[in-house]
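S.K.: This is the structure, below, for whatever I ask next.
The values are calculated or read from the model by the stated rules, or taken from the named source; none is laboratory data. Not measured: the values here are computed from a predicted model. Neighbour counts run over all protein chains shown; Cβ positions are idealised from the backbone, glycine included.
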């Protein structure tokens, strides 16, 4: 990479390439160590300190102090609590059951709750059978709205059906 000169100062050998996207145009910039540092683009240290790993370590230590075992092992994949603490990753879906008490404490500490309360993921492009099922459900709701004389709701459902039906 020392073949190129810094595009910013023009005097030193470039040690870094930075790809920049502005208004759908890609620009490649070569920077020396000093100019990269000035732009906040210093090199990544070998040992990155991850707060999650630190938190896992503390929780694991607290669990051992409370009488829990840091050597409990998943019967399916063999992952231990110590391995989980060191990597921050579970080995398989069975680990969730094996380390349930530890994970519960961890989730409560990180998220403030142990139950997911976010939105349900909907795939971007439903299949034809899924779309037909959704249309059938909307038609049933439309019929019930008409029978109960809830015409505002019926109009909303009619519009939804029209937007979903193929042209």
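S.K.: Going through 140, 89, 109, 134 one at a time, which residue ends up being out of contact with any helix residue (DSSP H, G or I) (no Cβ under 9 Å at 6 or more places or on another chain) and either at pLDDT below 85 or assigned to a helix (DSSP H, G or I) (or both)? Spell out how you get there, then give the answer.
M.R.: Details: 89 fails: out of contact with any helix residue (DSSP H, G or I) (no Cβ under 9 Å at 6 or more places or on another chain); 109 fails: out of contact with any helix residue (DSSP H, G or I) (no Cβ under 9 Å at 6 or more places or on another chain); 134 fails: out of contact with any helix residue (DSSP H, G or I) (no Cβ under 9 Å at 6 or more places or on another chain).
Exactly one of 140, 89, 109, 134 is out of contact with any helix residue (DSSP H, G or I) (no Cβ under 9 Å at 6 or more places or on another chain) and either at pLDDT below 85 or assigned to a helix (DSSP H, G or I) (or both), namely 140.
S.K.: For residue 20, which of the numbered conditions (1) modelled with pLDDT under 75; (2) in a loop (DSSP other than H, G, I, E, B) fails to hold?
M.R.: With (1) modelled with pLDDT under 75; (2) in a loop (DSSP other than H, G, I, E, B) applied to residue 20, the lone miss is (2).
Conditions tested, residue by residue: (1) within 26 Å of the chain's Cα centre (by Cα); (2) assigned by TED's automatic domain parsing to the domain that holds residue 107; (3) modelled with pLDDT of 60 or more.
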residue	(1), (2), (3)
9	no, no, yes
26	no, no, yes
30	no, no, yes
44	yes, no, no
61	no, yes, no
64	no, yes, no
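S.K.: Of all residues in region 71-86, which are surrounded by fewer than 16 Cβ atoms within 10 Å (Cβ to Cβ), at pLDDT below 85 and not in a helix (DSSP H, G or I)?
M.R.: Result: 71, single match.
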